[in-house]
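A short worksheet on the structure shown next.
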Amino acid sequence: EKGNYRHFMEKEIHDQPEGCQRTIAAYVDTLTDQTTVQGVDFNAIDRIQIVACGTSWIAGMIGRYLIEQLADLPVDVEIASEFRYRSPALRPNALAIAMSQSGETADTLAAFRHCIEAGMKSAAIVNATESTIAREADVVWPIHCGPEIGVASTKAFTAQVSVMIALAIAAAKARGRIDEAEEKRLVHVLLEAPRLIAEAIGLEDALKEIAAEIAKAKDVLYLGRGPMSALALEGALKLKEISYIHAEGYAAGELKHGPIALVDEATPVIILAPYDSWFEKSASNMSEVMARGGQVVFITDPEGAKHAPAGAKVVVTAPASDPLISALVMSAPIQLLAYHVAVVKGADVDQPRNLAKSVTVE
Ligand code: F6R
């Protein structure tokens, strides 16, 4: 039930601290601060192949940054509808991961079967544990966020990212890339995420005000670097699917290679830039955008707010977080922004036009 919320999407955004907490608790031991990921020997595989669609694909992309960085294990993330119809050079020693909230997405299932037929070990990250994708996998890693009703994925996304983070830590530990002390530190950081997500959700009133402005735009650009480049895609996807405003997400470094031509006074540019190793680069992209009259919404953290170039139309200060979990913490602001823009526009938030919750045909 929706409780006091107007829409399921709003409720599900607010459910995320709990959904992530339950998901994280399934993959770490909260007493010892160690990971408890079961079913895969991370030393018996030489790469990971993730197949997925839409928001689930974006969760996989965030996972790639973390797994490659921490565990030194190559990760490919591919849109399932492309993967299934090209001739990917598959190797049996890879681990195939299907990322699918519903576990029924036709393209993801077909791509996953391709991997299984090539002899790969297979793991399914699903919400629906009785689904076809779950049944066909060797290993099932459920997300534990509860059923998601809103067509636009929110709490399933952050739960998927939570699993990716736990996997990255587990793989790094198993492969000897981090020691036990570092594993404990990282798990401890992950366990902090639900509290920080709740704090970020607390920015709702400020985001509502920004949404009233964004609702007037025809086009919106989202930029970020590192995991924030993937989250930029997610911000744009959320906005377009529920508010019907045209939005594009880009890796900020691509700005000069085309999208900067779109920048003018009427195009809000949302830059996702926590104070991490990419910050200076993102801040200089912000200056480039402002020099061309772009209206910047700078979503950052307290340190980033301190170091941001002056001149942003608005700065949103999310809580400070370790880069391991910043994609989780920064998710809430982009979801709330999209949600409130859609509300301002009077759109049917939970049932956007032309979209289905589960895409069982290609
Ligand atoms: C966007 C959204 C979709 C799904 C996609 C995959 O908000 O919900 O992009 O992420 O259709 O669905 P699943 O995860 O069920 O395979």
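The values are calculated or read from the model by the stated rules, or taken from the named source; none is laboratory data. These figures come from a predicted structure and were not determined experimentally. Cβ: placed from backbone, ideal geometry, glycine included. Neighbour counts: every protein chain shown. Each accessible area value is taken on the protein alone, full model and side chains, heavy atoms only, with ligands, DNA and RNA left out. Shrake-Rupley method; radii C 1.70, N 1.55, O 1.52, S 1.80 Å.
Take the alpha-carbon centre of the range 128-147, take the same for the range 51-126, and report the distance between them in whole Å. The range 128-147 and the range 51-126 have Cα centres spaced 14 Å from each other.
For the range 135-225, with only Lys/Arg (+1) and Asp/Glu (-1) charged at the beta-carbon, what is the dipole magnitude about the Cα centre, in debye rounded to 20? It would help to have the intermediate numbers written out before the result.
On the way: 12 positive and 14 negative charges, 41 e Å.
Roughly 200 debye for the range 135-225.
Extension gain, residue 181 to residue 216: 0.36 nm times the residue separation minus the Cα-Cα distance gives 7.6 nm. Taking the protein heavy atoms of the chain in the context of the full set of protein chains, the accessible area attributed to carbon and sulfur is 49 percent at 1.4 Å. Please list, in order, the residues from the range 307-333 whose amide nitrogen is less than 18 Å from a point placed 7 Å along the Cα→Cβ vector of residue 206. Counting only backbone N, you get 307-322, 326-333. Annotation: per residue accessible area for the chain equals 39 Å², rounded to a whole number [probe 1.4 Å, protein chains only]. Positive contributions from Lys and Arg (+1) and negative ones from Asp and Glu (-1), summed over other residues with Cβ under 15 Å from the Cβ of residue 63, come out at -3.
What does the charge dipole of the chain about its Cα centre add up to, to the nearest 20 debye, if the Cβ of each Lys and Arg holds +1 and the Cβ of each Asp and Glu holds -1?
On the way: 33 positive and 47 negative charges, 100 e Å.
Roughly 480 debye for the chain.
Taking all protein chains as shown and a probe of 1.4 angstrom, residue 108 keeps an accessible surface of around 0 Å². Within the straight-line cut-off of under 25 Å between alpha carbons, the lysines reachable from residue 240 are 2, 11, 155, 208, 216, 218, 256, 313, 345, 357, sequence neighbours fewer than 8 places apart in one chain being disregarded.
Solvent-accessible area of residue 131, all protein chains in place: 0 Å² (probe radius 1.4 Å, heavy atoms, ligands and nucleic acids excluded). Computed with a 1.4 Å probe on the full set of protein chains, the accessible area for residue 271 sits at about 0 Å².
To the nearest ten degrees, helix 180-201 and the longest principal axis of the Cα atoms of the chain are 40 degrees apart.
Can you pull the percent of Cα pairs in the chain with separation above 37 Å? Counting pairs separated by more than 37 Å, the tail of P(r) holds 15 percent.
The listed residues 175, 6, 47, once ranked by accessible area (1.4 Å probe) with the largest placed first, stand as 6, 47, 175. Ordered from highest to lowest accessible area with the whole protein assembly present and a 1.4 Å probe, 141, 278, 57 read as 278, 57, 141.
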